[in-house]
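Colleague: Provided herewith is a single structure, encoded as structure tokens, for subsequent inquiry.
The values are calculated or read from the model by the stated rules, or taken from the named source; none is laboratory data. Everything numeric here is computed off the predicted structure, so don't read it as measured data. No Cβ is skipped: glycine too gets one built from the backbone with ideal geometry, and neighbour counts run over all protein chains shown. To get the accessible areas, we keep the full protein, side chains included, count just its heavy atoms, and leave off ligands, DNA and RNA. Shrake-Rupley method; radii C 1.70, N 1.55, O 1.52, S 1.80 Å.
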Amino acid sequence: MNPSSKLQSIPIAVVADSGAALPGAEAELTSLYEAHKKIYPRSVSGLFSRWRWGLVALTQLVFYGLPWLHWGQRQAVLFDLGERRFYIFNLVLYPQDFIYLTGLLVLSALSLFLFTAVAGRLWCGYACPQTVYTEIFLWLEKKTEGDRSARMRLDAAPWSANKVLRKGAKQLLWISLSLWTGFTFVGYFTPVQQLAHEVLVLNVGSWEVFWCIFYGFATYGNAGYMREQVCKHMCPYARFQSAMFDADTLIVSYDEARGEPRGARSRHTDLAQAGLGSCVDCSLCVQVCPTGIDIRNGLQYECIGCGACADVCDSVMDKVGYARGLVKYSTQNGVQQNWSRAQVLRHVLRPRVLVYAAILGSVALAMAISLAMRSPFKVDVVRDRGALARIAPGGKLENVYRLQIMNATEVSQDLRITVEGLPGLEVASEPVVTVDATQARWVAVRVQLPYDAATPGSHPIAFDVASLESAAHVAEKSVFIIPR
Ligand code: SF4
Ligand code: SF4
């Protein structure tokens, strides 16, 4: 816990068994929960801030822009839950392709392990939606209410026309952005142009309205009010990240040996004579911190590794004419042993990182190959449960199946159905079927076997569905039942 935190204490009267208050006796009720103190992060500029804004721009360009992109006649990225079809550029995925989602989750987890082993909470500080939206909401807050000190003054001031105007403008911008975010989110599941039209004519479905408002409200609450509380108390990643850190992980570090003893001084103070370190104790590193911690107290779980303190401290060092890097990305070993940047980077590339990178590369390669070799259609076989077997005209034994054929391409496909597994087994219904682009079709297939060609019982057979236009084919197993 932050050492500066104070528990809330409330004096209460002590009462006797009779219920009467005992004169002069007073006890103190101590809440186990710290009273929340609002954090007013000061805006900052610098290398890491530019990186963060670059990633804010990139991630939001992708998030808000992707639903509006077209691929042929359809939305490029659309998760059509109603039709159970997921379109990602040229890929048409079915629920049967969920293995790719599993692969994606494995890739994400491995990437997180790798990035954390290399440079701590990189994801948290630069690309996590909580950070990204908090950054945008803070920017809107700064535009309407001013920077840190102006916002603190405004909050402390009594209500006035100026305060109502500024707070109102902020709320208007926050709510508009939140609703736009909710709308965009829904646009990944409902064609976004159709959704926009429905919004304009006020004819939106109830589920769309619910998810727009729900997602928008989550954005508003998390980025507008919860902010660092999400990182400190709700996000599980903050809890297990320490398991992935070691002494060679790059973290935002304060160079205590160089900075202490801290203290104010004039520009021309001789540090050796005054017995001071490089830290001028300006507290700017605390003021810019989005989680309100003091990096000079060492690595804390609240630190999201955003580098804001490093940026501001560098600007302070520039002003007082000292070398940059009092607060910087370095490793525990690097700081303790005073390593150069090259030495630090050499130690970052340790076996653990190389193993993570190798596994990540292998999984990514396997996924890419699997996607490239993916069949252009899928087949599911379901036996007709209404009748096990029957005698067909001509005296043959007949079993009926239902084949679900899913076209995973953007063009119509002609497919030939054949069957094998028993001598004389053949498809008696129309063997060639056409499945339209991106459509799934149920086909009833009658399979016949000459009477007495096999013993009674259940016999394994296999359907083969082959494309007439390419070499692609899919084999699916089933059974042929011969009654006694
Ligand atoms: S910004 Fe740098 S100089 Fe200022 S208090 Fe923080 S560490 Fe010290
Ligand atoms: S201590 Fe520095 S790096 Fe960590 S969250 Fe605060 S400002 Fe960001």
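Colleague: Taking the conditions exactly as written (among the acidic types (D, E), open to solvent by 50 Å² or more (accessible area, probe 1.4 Å) and out of contact with any Lys or Arg (no Cβ under 8 Å at 6 or more places or on another chain)), does D436 satisfy them or not?
Modeller: Values: among the acidic types (D, E): yes; open to solvent by 50 Å² or more (accessible area, probe 1.4 Å): yes; out of contact with any Lys or Arg (no Cβ under 8 Å at 6 or more places or on another chain): yes.
Against the criterion (among the acidic types (D, E), open to solvent by 50 Å² or more (accessible area, probe 1.4 Å) and out of contact with any Lys or Arg (no Cβ under 8 Å at 6 or more places or on another chain)), D436 qualifies.
Colleague: Checking the conditions here, which among V363, V355 is open to solvent by less than 50 Å² (accessible area, probe 1.4 Å) and assigned to a helix (DSSP H, G or I)?
Modeller: V363
Colleague: When you scan region 258-337 for helices (runs of 4 or more DSSP H) that lie fully inside it, which ones turn up with 3 or more residues that are within 12 Å of ligand 1 (Cβ to nearest atom) and in contact with a helix residue (DSSP H, G or I) (Cβ under 8 Å, 6 or more places away or on another chain)?
Modeller: Values: elements: 271-274, 284-287, 308-320, 332-336.
Hits in region 258-337: 284-287, 308-320.
Colleague: Could you count how many residues in region 290-331 are hydroxyl-bearing (S, T, Y), open to solvent by less than 20 Å² (accessible area, probe 1.4 Å) and in contact with a strand residue (DSSP E or B) (Cβ under 8 Å, 6 or more places away or on another chain)? Spell out the reasoning first.
Modeller: Step one: filter region 290-331 for residues hydroxyl-bearing (S, T, Y), giving 291, 301, 315, 322, 329-331.
Those left that are additionally open to solvent by less than 20 Å² (accessible area, probe 1.4 Å): 291, 330-331.
Checking which are in contact with a strand residue (DSSP E or B) (Cβ under 8 Å, 6 or more places away or on another chain) leaves us with 330-331.
Within region 290-331, residues that are hydroxyl-bearing (S, T, Y), open to solvent by less than 20 Å² (accessible area, probe 1.4 Å) and in contact with a strand residue (DSSP E or B) (Cβ under 8 Å, 6 or more places away or on another chain) number 2.
Colleague: Now a separate question. Out of A387, A342, I need the residue that is of a type in the set (G, A, S), away from ligand 2 (no atom under 16 Å from the Cβ), outside any loop (DSSP other than H, G, I, E, B) and open to solvent by 20 Å² or more (accessible area, probe 1.4 Å). Which one? So that I can check it myself, show each step before the final result.
Modeller: Numbers: A387 fails: outside any loop (DSSP other than H, G, I, E, B).
When all the criteria are applied, what remains is A342.
Colleague: I've got another one for you. So which residues in region 72-95 are farther than 18 Å from A372 by Cβ and polar (S, T, N, Q), if there are any at all?
Modeller: Q73, Q75
Colleague: Can you find a residue that is within 16 Å of ligand 2 (Cβ to nearest atom), touching a residue at least 24 places away in the same chain (Cβ under 8 Å) and closer than 23 Å to G334 by Cα anywhere in region 269-279? Step through it out loud before you land on a result.
Modeller: Going residue by residue through region 269-279, those that are within 16 Å of ligand 2 (Cβ to nearest atom) are 279.
Add one more test, that the residue is touching a residue at least 24 places away in the same chain (Cβ under 8 Å), and what stays is 279.
Adding the requirement that they be closer than 23 Å to G334 by Cα leaves 279.
Yes, because at least one residue in region 269-279 is within 16 Å of ligand 2 (Cβ to nearest atom), touching a residue at least 24 places away in the same chain (Cβ under 8 Å) and closer than 23 Å to G334 by Cα.
Colleague: What is the residue count in region 107-153 for residues that are more than 13 Å from the chain's Cα centre (by Cα), open to solvent by less than 30 Å² (accessible area, probe 1.4 Å) and polar (S, T, N, Q)?
Modeller: 3
Colleague: Restricting to region 214-235, count the residues that are in a helix (DSSP H, G or I) and surrounded by 14 or more Cβ atoms within 10 Å (Cβ to Cβ). Even if it seems obvious, please write down each step before you answer.
Modeller: To start, the set of residues in region 214-235 that are in a helix (DSSP H, G or I) comprises 214-226, 228-234.
Keeping just the survivors that are surrounded by 14 or more Cβ atoms within 10 Å (Cβ to Cβ) gives 215-220, 222-224, 226, 228-232.
The total comes to 15.
Colleague: For region 313-325, state whether one or more residues are of a type in the set (G, A, S) and on the phi < 0 side of the Ramachandran plot.
Modeller: Pass one, region 313-325, residues of a type in the set (G, A, S): 315, 321, 323, 325.
Now narrow it down to the ones that are on the phi < 0 side of the Ramachandran plot: 315, 323.
Yes, region 313-325 has at least one match.
Colleague: Any residue in region 406-420 that is in contact with a Lys or Arg (Cβ under 7 Å, 6 or more places away or on another chain) and either assigned by TED's automatic domain parsing to the domain that holds I88 or assigned to a strand (DSSP E or B) (or both)?
Modeller: First pass over region 406-420, keeping only residues in contact with a Lys or Arg (Cβ under 7 Å, 6 or more places away or on another chain): 406, 408.
When the remaining residues are screened for being either assigned by TED's automatic domain parsing to the domain that holds I88 or assigned to a strand (DSSP E or B) (or both), the result is 406.
Yes, because at least one residue in region 406-420 is in contact with a Lys or Arg (Cβ under 7 Å, 6 or more places away or on another chain) and either assigned by TED's automatic domain parsing to the domain that holds I88 or assigned to a strand (DSSP E or B) (or both).
Colleague: Being open to solvent by 30 Å² or more (accessible area, probe 1.4 Å) and closer than 16 Å to I295 by Cα is the filter here; which residues of region 238-264 pass it?
Modeller: Residues satisfying the conditions are E256, A257, R258, E260, P261, R262.
Colleague: Mind listing whichever residues of region 439-469 are under 50 Å from the mean Cα position of the chain (by Cα), exposed (fewer than 13 other Cβ atoms within 10 Å of the Cβ) and within 21 Å of G386 (Cβ to Cβ)?
Modeller: Once the filter is applied, which keeps residues that are under 50 Å from the mean Cα position of the chain (by Cα), exposed (fewer than 13 other Cβ atoms within 10 Å of the Cβ) and within 21 Å of G386 (Cβ to Cβ), region 439-469 yields W442, A444, S458.
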